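The values are calculated or read from the model by the stated rules, or taken from the named source; none is laboratory data. Everything quoted here is computed from the prediction, not taken from an experiment. Please note: Cβ atoms are built from the backbone with ideal geometry, for glycine as well, and neighbour counts cover all protein chains shown.
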Amino acid sequence: MLNHLLSWIVFVPLAGAIVILFFPKSMTQWIKWKATALCGFNLLLGCILLAKFNPNVTDIQFLEKASWIPQIGVNYTLGVDGISLPMVFLTLLLSCLACIGSFGIKEREKEYYFLYLLLSTGMLGTFVALDLFLFYIFWEVVLVPMYFLIGIWGGPRKEYAAIKFFLYTLAGSLFMLLGILALYFYSSPHTFDMTELGKIAYSRTFQQFVFLAFFLGFAIKVPIWPFHTWLPDAHVEAPTPISVLLAGVLLKMGTYGFFRISYPILPDGARWFQPWMGVLAVTGIIYGGFVSLAQQDFKKMIAYSSVSHMGFVLLGLAAFTQDGLNGALLQMFNHGTITGGLFLLVGVLYDRAHSRDLNGFGGLGVKMTVYSGILIFFSLASLGLPGLSGFVSEFLCLLGTFQVYRWFAVLACIGIILAATYLLYMIQRVLLGPLNPKWSSLPDINRREIFTLVPLMIFILAVGVYPKFILEYMAPALTALLAKLNGIPF
Amino acid sequence: MVTLAYLIPLFPLLAFAFLIFFGKRFGDKSAWVAIGASLLSLILSTPFVMGAVQGQIFVHHFEWLRIGSALFLFGFSIDALSAMMLFVVTVVGTLIIIYSVGYMHGDPRFSRFFAYLSLFMASMLSLVLANSLLMLYISWELVGLCSYLLIGFWFEKPSAAAASKKAFITTRVGDIALFLGMLLLFFTTGTLELRNLNHEFLAPFASQSKVLTLAGLLIFGGAVGKSAQFPLHVWLPDAMEGPTPVSALIHAATMVAAGVYLVARSFGLITFFPDALLPIATIGTITAFMAAFIALTQTDIKRVLAYSTISQLGFMIAALGLKGYGAGTFHLMTHAFFKALLFLGAGSVIHGTGTQDIREMGGLWKKMPHTTFTFLIASLAIAGVPPLSGFWSKDEILVSAYESGMPIFYYLLSITATMTAFYMFRLVFLTFFGKPRKEFHVHESPAIMTIPLWLLAIGSALVGLPGSPWMNHFFQTFIEGSHGAEHAINLFVMGISVGLGAFGIVLAWLLYLVFPAVPEKLGAIFKPLYLASNRKLWFDELYQATVIRGWYALSSALAKFDLGVIDGLVNATGIGNLRLSDIQNWIDIHIVDGAVNGVGALTRGFSSALRKIQTGFVQNYLIISFIGALMLLFFELRK
């Protein structure tokens, strides 16, 4: 099993999904617990992966390679390094917690958990695939269950949101496919292997074009301003656990693409685009923050805050420095835990009040004391309070950018003030002030819900207090990546 | 043994963790956890303070983060300055926490209050002990969080909820400046360790004077936010929405003084690149003068004290800007005692009367003797009456201003000192003396509140003595170390300062006790001035009309832009595609498919026409054959 640990991790959910198909619809309890147990088991496998991973090695570990379609040189190649490992772990963690968070789903459970597990396989596969063909397949596999999960279990405008999400991302991935094919036909012998493709010296113009193609694919996924408008719609309509995965994992697939494909394979293209990355990052940070401040809908507000926070990832990427890259990758992890938690918390409130109108709440801090404590905790993490994880990654991103683009860092600081503004404004409207009598009978957060949030809180606090333990996993791989970017043979 | 210093902030932190999870079960007893933790910190810090007095420096650190070549060390370094702060925070903090037991008695969130106070103590102590600017920054933000939580402690009140948000965001503007200053410093000198901010270390960077002057000013920007200096002072008066012990601890004695502490910590940097000094002195003096002017006409007992705090912080900042290192830090210490006492006294009055409006008070001294007497001591101290603590430290500041060679600072600060004596005794006379203006069932506060008052009163009287000529300026020599200068008494400045203080007190006595009708008339005569002071120079209105309104307007404009333009384009693309496909559909149906169908229809038409002749009757076929034969014949014959 240990020899094929990654395959196990990727396909355990798929196997579970298939098994679920054979059970009658009426056994909802069984299906629910089975899916949860599978996610838990998979998380356990993830812990083994973490324990067996050697952080001092920059190479790919747990490599699995098998010939798949030899006629066109497609291989089944899986592996992790310090860049993908945190993402795999984040996916496993959030899949498990969001699965527990799915217990509120009360219709068509069988289909729901089938699609949920399928989605899980797609996400995990994307982060461990080292063959572009395989990567593309997993990338697209994510789309389909997501489309149905939003379109069936979503809110009032679910069809619109689902189709917008699907078509927008699909359009992006077509550009990515063009990029993949360009790389494939450039290489000789033709290959989809990322490691092999990374060794080829492409011409500068070629790199620029291919970088742009990949950029469009990834930018829509992240989403980078101005490709972000599918995100608020998808979030508002998606059911809570799906929002958690959408914000926590799916957005990371986009930025992960830069780390895994665009940067190492097309370093010259990346260098050429570097200032624009910075401009788009800063625009996203400030723009997302301002738009977030204007929102009345709790979920939409957090969706736009994601645009702002993912801007920091981009900013770190644009820096081309060690601090920046570390900050960007750490910010991806932190944004997953923090925003994932925030979406869970919106769900807790929505399940009780059936409303997300920020202006309609007020004074909930009196009634729901535990809930408000947790909500304040996650908000503080999101606004970058030192001692919690968000600060460390944003600090590193700014530290990295400051050396290269001093003014970008200064402007990005506006985003930090904005984060305080929109989050504290939200707290003021939801938790503080006199209790709105309409909500005087709302019960406080229950044990199951607390159980889904506590692990996230532990990670947020631990990373915030002592970030070294997680950065030690990332740093060596990023050092190698940076060396490659700077044209130093590694 | 040195590592024991880590325990100093750790005890209150543990108390916080304990109280936040289990506090509710322990009810009133939970306060003792906080007091116990604070006392333990006090006891533990004693040997370090003693050691520092004897000239020792305690240092310890560990690696917190290392990214490539960037290394961040966390730990503590205790020298004279941090020892002084350690002394102030633990002593004043413990007394205020004890006082809170009485003040907060019966509050439904009693245990949570003490949890927050403990978290504050932990953060403030780590701020004081921090060895590096980054660790200081982290603690700096955490004390800001505690301030946020405690200002909004009674969050059911919308004004408290709004005040807490205002405080957090306004100070964050300053924090960003500090953050950027930190980055500049780090990338120029490669260090964030506070010990390195001295002239020997900075000497090789003398050529970078522009950048490092800017770094110094940006760091000072953090102090402008935290220490409520002009133009970011607006949050502090609103912060009075918090429970009064919070105002005493956080918004008078310790946290707001952290800005002064920060400037004092970076004193090596700002004196090595002295271009930053003048702006600092200017901001400090403006703040001191402006806040004292506003305090003259305020009617809320806590707001008078809040503006007084802003003004006194301005004094300290001005002192540092005028190179009065010993004077500024000395005033920080004495101010912590007498201002904490003033706030706690005000709290006792509010506790007894249930109002904060001094126009409703009067004659309280008979019923609240302990409160009155201790309040009077503190007022004398802040007014600069010898030999109380405030006299010595304020005098030092005035000497620094006098000797700075820029007389304007000396004049402004002297006028401010007069105003200070006046507004403080206006407050004293209106609150405690004269005739009661409203009937209250007033009672003196319980012993758990009055004992801390008395202890602080003793402190307010005595902490100035180590800095007095009677003890040979012991404090200044201790604190200044490397920044030291000769200390001589300037009898001229001292005499003037005593005279001005006495003048202010006498004027307040005349106006508010002897001729109580006069102030109103004066207010009517100097109406613009009165309004300017009473309306706080319209800062809130100005900011509301410009910055805040602009901020929200931009926000809603961008939201509209997002929905209308960016998302509009996306939807337009989608709809455009749909329309395009409609057209294609039409073409498909009518032209492409039409062509296909047309061919079919044509065939069908022909065939149905042709079918007509296939009748199956032999006579018809014969006729057709006959006609055909006739036609053939006809064409043949024509040739």
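Summary table
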{"item": "Positions within the stretch B:449-468 being closer than 15 Å to residue B:368 by Cβ and either in contact with a Gly (Cβ under 7 Å, 6 or more places away or on another chain) or free of Cβ contacts under 8 Å to residues at least 40 places away in the same chain (or both), in sequence order", "result": "B:449, B:453"}
{"item": "Residue check for residue B:397: in a helix (DSSP H, G or I) and within 30 Å of residue B:279 (Cβ to Cβ)", "result": "yes"}
{"item": "Residues satisfying the stated conditions in the stretch A:133-167, i.e. over 13 Å from residue A:233 (Cβ atoms), out of contact with any helix residue (DSSP H, G or I) (no Cβ under 6 Å at 6 or more places or on another chain) and β-branched (Val, Ile, Thr)", "result": "A:137, A:144, A:152"}
{"item": "Qualifying position, being more than 14 Å from chain A (Cβ to nearest Cβ) and at pLDDT 90 or above, among B:539, B:561", "result": "B:539"}
{"item": "In the stretch A:5-33, the residues that are more than 19 Å from residue A:86 (Cα to Cα), out of contact with any helix residue (DSSP H, G or I) (no Cβ under 7 Å at 6 or more places or on another chain) and not in a loop (DSSP other than H, G, I, E, B)", "result": "A:15, A:18, A:19, A:29, A:30, A:33"}
{"item": "Residues within the stretch A:377-386 that are within 12 Å of chain B (Cβ to nearest Cβ) and in contact with a Leu (Cβ under 7 Å, 6 or more places away or on another chain), tallied", "result": "6"}
{"item": "Hits in the stretch B:339-352 (condition: of a type in the set (Val, Ile, Thr) and either farther than 16 Å from residue B:243 by Cβ or buried (at least 24 other Cβ atoms within 10 Å of the Cβ) (or both))", "result": "B:349"}
{"item": "Single unsatisfied condition, residue A:429 versus (1) surrounded by 22 or more Cβ atoms within 10 Å (Cβ to Cβ); (2) under 29 Å from residue B:554 (Cβ atoms)", "result": "(1)"}
{"item": "Exclusive hit being within 13 Å of chain B (Cβ to nearest Cβ) and in a loop (DSSP other than H, G, I, E, B), set A:435, A:442, A:471, A:482", "result": "A:435"}
{"item": "Odd one out for residue B:411 among (1) part of a helix (DSSP H, G or I); (2) in contact (Cβ under 8 Å) with a residue 12 or more places away in the chain; (3) surrounded by fewer than 24 Cβ atoms within 10 Å (Cβ to Cβ)", "result": "(2)"}
{"item": "Single residue of B:581, B:556 found to be within 30 Å of residue A:418 (Cβ to Cβ), out of contact with any helix residue (DSSP H, G or I) (no Cβ under 7 Å at 6 or more places or on another chain) and either of a type in the set (Ser, Thr, Tyr) or loosely packed, with under 12 Cβ neighbours inside 10 Å (or both)", "result": "B:556"}
{"item": "Residue B:357, sole failed condition from (1) closer than 25 Å to residue B:472 by Cα; (2) touching a strand residue (DSSP E or B) at 6+ places or on another chain (Cβ under 7 Å)", "result": "(1)"}
{"item": "Of the criteria (1) touching a residue at least 24 places away in the same chain (Cβ under 8 Å); (2) within 14 Å of another protein chain (Cβ to nearest Cβ), which one residue B:503 fails", "result": "(2)"}
{"item": "So residue A:246, is it touching a His at 6+ places or on another chain (Cβ under 7 Å) and not small (Gly, Ala, Ser)", "result": "yes"}
{"item": "Boolean, residue B:205 is among the aromatic types (Phe, Trp, Tyr), more than 27 Å from residue B:8 (Cβ to Cβ) and away from chain A (no Cβ under 13 Å)", "result": "yes"}
{"item": "So residue B:101, is it more than 14 Å from every other protein chain (Cβ to nearest Cβ) and crowded, with 20+ Cβ neighbours inside 10 Å", "result": "yes"}
{"item": "Single residue of A:454, A:410, A:430 found to be of a type outside the set (Gly, Ala, Ser) and under 14 Å from residue A:363 (Cα atoms)", "result": "A:430"}
{"item": "Condition broken by residue A:477, with the remaining ones in (1) within 20 Å of residue A:94 (Cβ to Cβ); (2) assigned to a helix (DSSP H, G or I) satisfied", "result": "(1)"}
{"item": "Sole exception among (1) free of Cβ contacts under 8 Å to residues at least 40 places away in the same chain; (2) under 26 Å from the mean Cα position of the chain (by Cα) for residue B:335, by number", "result": "(1)"}
{"item": "Helices (runs of 4 or more DSSP H) wholly inside the stretch B:238-317 that include at least 3 residues being crowded, with 24+ Cβ neighbours inside 10 Å", "result": "B:244-248, B:258-265, B:277-295"}
{"item": "Residues being at the interface with chain B (Cβ under 7 Å from one of its Cβ atoms), hydrophobic (A, V, I, L, M, F, W, C), in contact with a Gly (Cβ under 9 Å, 6 or more places away or on another chain) and buried (at least 20 other Cβ atoms within 10 Å of the Cβ) - total across the stretch A:411-426", "result": "2"}
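Condition check ((1) over 30 Å from residue B:286 (Cα atoms); (2) touching an Asp or Glu at 6+ places or on another chain (Cβ under 9 Å); (3) more than 14 Å from chain A (Cβ to nearest Cβ)) across all residues:
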position: B:545; (1), (2), (3): no, no, yes
position: B:572; (1), (2), (3): yes, no, no
position: B:578; (1), (2), (3): yes, no, no
position: B:599; (1), (2), (3): yes, no, yes
position: B:619; (1), (2), (3): yes, no, yes
position: B:623; (1), (2), (3): yes, no, yes
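Residue by residue, here is whether (1) buried (at least 16 other Cβ atoms within 10 Å of the Cβ); (2) at pLDDT 90 or above; (3) within 14 Å of chain A (Cβ to nearest Cβ) holds:
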residue	(1), (2), (3)
B:52	yes, no, no
B:56	no, no, no
B:65	yes, no, yes
B:74	yes, yes, yes
B:79	yes, no, no
B:84	yes, yes, no
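A quick yes/no check of all residues on (1) among the small types (Gly, Ala, Ser); (2) facing chain A (nearest Cβ under 10 Å):
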residue: B:120; (1), (2): no, no
residue: B:124; (1), (2): no, no
residue: B:130; (1), (2): yes, no
residue: B:141; (1), (2): no, yes
residue: B:150; (1), (2): no, no
residue: B:184; (1), (2): no, yes
residue: B:197; (1), (2): no, no
residue: B:201; (1), (2): no, no
